[in-house]
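Chemist: Okay, handing you the structure first.
The values are calculated or read from the model by the stated rules, or taken from the named source; none is laboratory data. Here the structure is a predicted model, which means the values were calculated and not measured. FYI the Cβ positions are ideal-geometry reconstructions off the backbone, even for glycines, and counts take in every protein chain you see. These accessible areas exclude ligands, DNA and RNA; they are computed on the full protein's heavy atoms, side chains included. Shrake-Rupley method; radii C 1.70, N 1.55, O 1.52, S 1.80 Å.
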Amino acid sequence: MSQNAQVSNDNLVLICGKSGAGKSAALRNIKNPEGVVYLNCETGKKLPFKHKFKQIVITEPHEVEQAFDEVENMDDVHTVVVDSLTYLMDMYESQYIYQATDGQKAWGDFAQFFKRLMQKYVASSSKNVVFIAHVKDVLNEADSVMETSVPIKGALKNNGVESYFSCVIGCKKQTLKNLEDYGSDLLQITAEEKALGFKYVFQTKITAKTVNERLRGSMGMWTDKETFIDNDAQMVLDRLHEYYAD
């Protein structure tokens, strides 16, 4: 399939958040874990739970493209996880830009690597695809506001990596008081969480307090009551399948 083919992957999600917000832990309930290919871009860092994923430790950025090619013909694989996009792009910078003799070309290749990954390999994949990324608060001096986004360098910074996803979910740690106005079958408070007074959640939609974050979802995908849900990637995949069902 050519890189310019008009294809898309409806079952694609970016899960992002700050360190310790529960990003990787959100993968714990994915159904049929033996069918998950987990592309570990964080030097083999262990997941915070026992799993049966097919793990591949990525040590060279283009191995991610190779993995997408290989799993496409694997009927027993239903989901590909890239953890994390942030470390993957840092890896590319370290290996291909840091000592490049032609810096301008190297940064151009950096942008093209990401675009090719998204527009060719991810878009044409028949699998669920979950990207995990770290976010950072940065001052927008023009508007004098703090903006939360996935940090990226070079030309990609202008549009942001979030623009390549129609579903961007935020990982948050919220007090139970902040969740009082939200409630659905997708938000369950456990006894332990009641005792602690907080819960790790997914934020699916922006609120008045988070207008400068780049969360997004297709219109009608989430109700207002579902603005905060359990931090469970399977719930998001189920909703994507339901929303885009023929």
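Chemist: For segment 115-246, what is the charge dipole size about the Cα centre, in debye to the nearest 20, if Lys and Arg each add +1 at the Cβ and Asp and Glu each add -1 at the Cβ?
Modeler: Approximately 640 debye in magnitude.
Chemist: Now, a different point. How large is the accessible surface of GLU192 in square angstrom, using a 1.4 angstrom probe and rounding to the nearest 10?
Modeler: Here the residue's solvent-accessible area equals roughly 130 Å².
Chemist: Considering the options GLY20, ALA233, TYR92, tell which one lies farthest towards the positive end of the dipole of the chain, charges being +1 on Lys and Arg and -1 on Asp and Glu at the Cβ, about the Cα centre.
Modeler: Of GLY20, ALA233, TYR92, it is GLY20.
Chemist: Calculate, in whole percent, how much of the Cα-Cα pair population of segment 1-108 lies beyond 24 Å.
Modeler: 33 percent
Chemist: Restricting to DSSP H runs of at least four residues, report the calculated mean residue ellipticity at 222 nm for the chain, -39500 (n - 2.57) per run over all residues, nearest 500 deg cm²/dmol.
Modeler: That comes out to -6000 deg cm²/dmol.
Chemist: Something else about it: Given a 10 angstrom Cα cut-off, can you work out which residue in ASN231, ASN178, ASN29 is the most mobile in a GNM of the chain?
Modeler: Among ASN231, ASN178, ASN29, the largest mean-square fluctuation in the Gaussian network model of the chain belongs to ASN178.
Chemist: Which whole-number percentage describes the relative contact order of the chain, with Cα contacts under 8 Å and a sequence gap of 6 or more?
Modeler: Relative contact order, the chain: 25 percent.
Chemist: Evaluate the relative contact order of segment 1-116 (contact order divided by residue number), counting alpha-carbon pairs under 8 angstrom at least 6 apart; express in whole percent.
Modeler: 24 percent.
Chemist: In whole Å, what is the distance between the alpha-carbon centres of segment 26-40 and segment 139-198?
Modeler: The distance from the Cα centre of segment 26-40 to that of segment 139-198 comes to 22 Å.
Chemist: Another question about this same structure. Where the accessible area of segment 139-246 is counted over protein heavy atoms with a 1.4 Å probe, how much of it, in %, is carbon and sulfur?
Modeler: 49 percent
Chemist: While we're looking at this one, here's another question. Springs between alpha-carbon pairs under 10 angstrom, Gaussian network model over the chain: which of ALA26, ALA195, ALA123 fluctuates most?
Modeler: ALA195
Chemist: Sticking with this structure for a sec: Please give the per residue accessible area of segment 115-177, computed with a probe of 1.4 Å over protein heavy atoms only, in Å².
Modeler: That works out to 47 Å² for each residue.
Chemist: Can you give me the accessible area per residue for segment 1-108, using a 1.4 Å probe, in Å²?
Modeler: Averaged over the residues of segment 1-108, the accessible area is 54 Å².
Chemist: Under 10 Å, Cα contacts only: if you run a Gaussian network model on the chain, which one of MET89, MET146, MET219 comes out with the highest mean-square fluctuation?
Modeler: MET219
Chemist: Now for a separate question. Of the options MET118, GLN55, GLY197, report the single residue whose Cα projects farthest towards the positive end of the charge dipole of the chain (beta-carbon charges: Lys, Arg +1; Asp, Glu -1).
Modeler: In the chain, that residue is GLY197.
Chemist: Can I ask one more? Suppose every K and R has +1 on its Cβ and every D and E has -1 on its Cβ; what is the size of the dipole of the chain about the Cα centre, in Debye to the nearest 20?
Modeler: Roughly 560 debye for the chain.
Chemist: Take ALA142 and ALA155, extend 7 Å from each Cα along the Cα→Cβ direction, and tell me the distance between the two endpoints in nm.
Modeler: It is 1.9 nm.
Chemist: Short version: what are the Cα gyration tensor semi-axes of segment 128-245, square root of 5 times each eigenvalue, largest first, in whole Å?
Modeler: 25, 19, 13
Chemist: Sorted by accessible area (1.4 Å probe), largest first, how do GLU63, GLU193, GLU242 line up?
Modeler: Heavy-atom accessible area, descending, gives GLU242, GLU63, GLU193.
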